[in-house]
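Please read the structure below before turning to the comments.
The values are calculated or read from the model by the stated rules, or taken from the named source; none is laboratory data. The shown structure was predicted, so the numbers you read here are calculated from the model rather than taken from an experiment. Using ideal geometry, Cβ is built from the backbone for each residue, glycine included, and neighbour counts are taken over all protein chains shown. Keep in mind that these areas ignore ligands, DNA and RNA; they rest on the heavy atoms of the full protein, side chains included. Shrake-Rupley method; radii C 1.70, N 1.55, O 1.52, S 1.80 Å.
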Amino acid sequence: ITLGEMLCLGSSIAFSGLFYYLYRKKARVMARIQEAPKLQVDDDLPVLVSASDGRCLPYVALEGIVLPAKAALTSHYHEGLQGVIQKLLLKEHRLIWNSLARSW
């Protein structure tokens with residue numbers, strides 16, 4: 001076995017280990033999402049959220065009827081198909097300068 005073959009074998013094992021680690025990490029997240037409790041959108045939902053830890057419910061599936069704010073969007077390709085746009089909330093975390101890595 002030559003040095004080049006050993007180098008290729010070592011890098012192949014290292015990449016396989018890295019990709020398997022990333023796969024298992026994402027598989028755990030998917031399992032948590034699939035096991036998420038299903039809650040109905042009703043008057044009890046704000047009480048449940050405020051009573052939870054940190055006023056946050058991680059991985060919850062909400063079921064219920066959605067009403068559009070103005071008008072529902074209609075599909076140009078399928079008759080009778082309507083949809084709404086979800087309001088997005090962007091939360092930025094505070095950045096701290098790392099002088100060792102010279103990055104935020």
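Here the accessible area is traced with a 1.4 Å probe on the protein chains. For the chain, carbon and sulfur cover 61 percent of it. Full extension of the segment from ALA69 to LYS26, taken as 0.36 nm per residue of separation minus the current Cα-Cα distance, would add 12.0 nm.
Among LEU48, LEU18, LEU39, the residue with the largest mean-square fluctuation in a Gaussian network model of the chain, with springs joining Cα atoms closer than 10 Å, is LEU18. Taking the chain as the region of interest, the number of lysine pairs whose Cα atoms are within less than 27 Å, with members eight or more places apart or on different chains, is 9. Counting only alpha carbon atoms, the long axis of helix 3-34 and the longest principal axis of the chain meet at about 20°. Quick one: check the C-alpha center-to-center distance for the range 24-46 versus the range 66-87, whole angstrom. Spelled out, the Cα-based centre of one part sits 25 Å from the other. Averaged over its residues, the chain has an accessible area of 102 Å² per residue, based on protein heavy atoms and a 1.4 Å probe. FRET efficiency for the pair VAL84 and ALA61, taken as 1/(1 + (r/R0)^6) with r the Cβ-Cβ distance and R0 = 22 Å, rounds to 0.80.
Normalised by 2.2 N^0.38 Å, where N is the number of residues, the C-alpha radius of gyration of the chain stands at 1.84.
For the chain, the Cβ-based charge dipole about the Cα centre amounts to some 480 debye (Lys, Arg positive; Asp, Glu negative; other atoms uncharged).
Taking ALA61, ALA51, ALA71 in turn, the Gaussian network model of the chain (Cα-Cα springs below 10 Å) assigns the largest fluctuation to ALA71. Among residues other than VAL49 with Cβ under 14 Å from its Cβ, the summed charge is -3 (Lys and Arg +1, Asp and Glu -1). Grab the other residues whose beta carbon is less than 14 angstrom from that of LEU18, score K and R as +1, D and E as -1, and report the net. After counting each charged neighbour, the total is +3.
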